[in-house]
Amino acid sequence: MPTTIKFGKQFKKSPLKPLRKHMRIASETATFLPDAMQAFFGNDSEALEKTRQAVSELVADADQLLRELQQRLPDAKDFPLDRRDLFDVLDMQEAIARRMQEITALLPDLPADVPRDVRKPLMRLVDRCISATEVAYEIIKVIEKVVEAGPQGAQLDAARQLVQDIVAIRSEADVHCGEITRMLLAQSREMDPLAVMFLYQLAGWIDDLAGFSQKLAIRSQLLLIR
């Protein structure tokens, strides 16, 4: 179910709490992807519409948090992090949520004749991209701890390890995306050309979730070392 958020008191303790909540929502949108893909493979229009609505509601929550952050973060006094880097991180969080909204909006309009041998690498790609958003959320939680408690060696080491983890996950996602592309090209003569084009776009958009997560991780690392 979509997250219910109370926005009025988000900023009393730390301006990073709403950033973490925003990333939690972005990561939560990605958890709908496996069910959406199975509904797509099964040509289940009702399930696809429910998923689209659920993701859209989460994105609406994220948008409200985004407006709060944009208005208040520049005014935070004695804030220890570079605001430009922080807004870059926020942009990547927003990109994850928006891309998921675009994916769930695209699926009902795609031809459902996905070759069975393409489905497995698509689901492996989905798994890696969900993992990437989950690790990105863990990175944001570490940043919040660093700001609230001050930089500590263990926390900084944890952040560096998480960045390494997400870079590895992105690499695996790219491998799966490349495999899907090769399979689609190999079968392109037997498939509807529009289906090939849209499936290629779908794989790229799913892979973007890992790409945005990696960019978020790298920018987060800059936040901690500056």
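Each reported figure results from applying straightforward, stated rules to the coordinates on display, with no laboratory input. All of these numbers come straight from a predicted model, not from anything done at the bench. When we count neighbours, we look across all protein chains shown, and the Cβ atoms used for this are built from the backbone with ideal geometry, even at glycine.
Per-residue extension of 0.36 nm, minus the Cα-Cα distance of A154 and R67, leaves a gain of 28.0 nm for this segment.
In this structure, the residue pairs whose Cα-Cα separation is over 27 Å, taken from K17/K215; K17/K120; K120/K145, are K17/K120; K120/K145. Neighbours of G178 by Cβ distance under 14 Å: Lys/Arg scored +1, Asp/Glu scored -1, total 0. A compact globular protein would have a Cα radius of gyration near 2.2 N^0.38 Å; the ratio found for the range 98-211 is 1.33. Under a model in which nothing but the beta-carbon of Lys, Arg (+1) and Asp, Glu (-1) is charged, the range 16-225 shows a dipole of about 440 debye around its Cα centre. Each peptide in 93-99, 60-66 receives the mean, over its residues, of other Cβ atoms within 10 Å, and ordering these scores from highest gives 93-99, 60-66.
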